[in-house]
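Shown next, in structure tokens, is the structure this report addresses.
The values are calculated or read from the model by the stated rules, or taken from the named source; none is laboratory data. Predicted model, so just to flag it, every value in this text is computed and none were measured. Reconstructed Cβ throughout: ideal geometry from the backbone, glycine too, with neighbour counts over all protein chains shown. Calculation scope for accessible area: heavy atoms of the full protein, side chains included, ligands and nucleic acids excluded. Shrake-Rupley method; radii C 1.70, N 1.55, O 1.52, S 1.80 Å.
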Amino acid sequence: GYQGGVGALKAMGALDMGVPEDELQGLIDGWRNANPKIVNFWYQTQDAVRNCLDAGGVWSGPKGLKFYKKSGFLLVKLPSGRKLAYAKAHLAPGNYGPAIHYEGQGDKAGFTKLETYGGKLVENIVQATARDILGEAMLRLDEAGYPIVFHIHDEVVAEVPDGQGSIDEMNRLLAVAPDWCQDLPLKGAGFESNFYMKD
């Protein structure tokens, strides 16, 4: 769902899974036609960032997002109020109009010039928003007597003595929507075990 094309499907192993190369573009087109709201999210986000970098000021994006520049950073104000920051963000000529560039961590040590686009920006926004939701849930779990020993992406591991708490209560606490996203449907799912393992 992050605007990947034929190259992305190949990188994810589509050809190794037996998908004929001449069907890849059709898969992409079909998915995009079936998910117009997501596709619009990519392009609305990209347009807001381009406008911000070109003209300055504060630009509103979808879902209450705000985009603005400050001290050489492109800032994206998330629904939680937290901000994503892209260093030295600017526009440069690209294959599909003005391209969005910034400095960030590449595949080697140190910062390097990177290019981004609507789908990748949305990926960052979605992951950051998910982190904010999980962060609030982790505080609730801890306050309710579920001491967290570690977490992995969207998974929380708490260690409690036998006979205390329940997975049902943990799931209920994980599914509480924060005040800033009350309309977001959330659900927790998990299991109990005597040692860590994947479900």
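Observations on the structure shown:
- Cleavage-rule hits, trypsin sites (Lys or Arg not before Pro), the stretch 169-199, DSSP coil, Cβ neighbours within 10 Å at most 12: 187, 198
- Stokes-Einstein translational diffusion, the stretch 113-199 - Kirkwood Rh over all Cα pairs, 1.306 mPa s, 10 °C, in µm²/s: 109
- Convex hull volume per residue, computed on the Cα atoms of the chain, equals 177 Å³.
- Value of [θ]222 nm, deg cm²/dmol, for the chain, DSSP H segments ≥ 4, -39500 (n - 2.57) each, nearest 500: -11500 deg cm²/dmol
- The angle between the Cα long axis of helix 36-55 and the longest principal axis of the Cα atoms of the chain comes to about 60 degrees, rounded to the nearest 10.
- The fraction of accessible area contributed by carbon and sulfur in the stretch 1-149 is 54 percent, rounded to a whole number (1.4 Å probe; ligands and nucleic acids excluded).
- Near the amide H of residue 188, within less than 5 Å, lie the amide hydrogens of 175, all on another chain or at least 5 residues away, with H placed in the peptide plane.
- Summary of the geometry: the stretch 1-58 and the stretch 76-132, compared by the centres of their Cα atoms, lie 16 Å apart.
- Fluctuation leader among 56, 110, 165 - the chain, Gaussian network, Cα springs under 10 angstrom: 110
- For the stretch 90-141, the solvent-accessible area with a 1.4 angstrom probe is 57 square angstrom per residue.
- Candidates per chymotrypsin sites (Phe, Trp or Tyr not before Pro) in the stretch 57-139, loop by DSSP, up to 12 other Cβ within 10 Å: 96
- Taking a ≥ b ≥ c as the square roots of the eigenvalues of the Cα gyration tensor, the stretch 24-101 is oblate, since a/c reaches 1.5 or more and a/b is not larger than b/c.
- Cβ-placed point charges (K, R +1; D, E -1), dipole of the chain about Cα centre in debye, nearest 20: 1160
- Degrees separating the helix 24-34 axis from the principal Cα axis of the chain, which is the longest one: 70
- For the residue pairs 88/108; 83/108; 83/120; 37/88; 70/108; 37/66, alpha carbon separations beyond 22 Å are given by 83/108; 37/88; 70/108.
- Computed over protein heavy atoms with a 1.4 Å probe, the accessible surface of the stretch 1-68 works out to 61 Å² per residue.
- For the chain, built as a Gaussian network whose Cα springs stay under 10 Å, the top-fluctuating residue of 141, 15, 75: 15
- On Cα atoms only, tilt of 118-143 relative to the major axis of the chain in degrees: 20
- When the Gaussian network model of the chain links Cα atoms closer than 10 Å, the mean-square fluctuations of 24, 134, 65 top out at 24.
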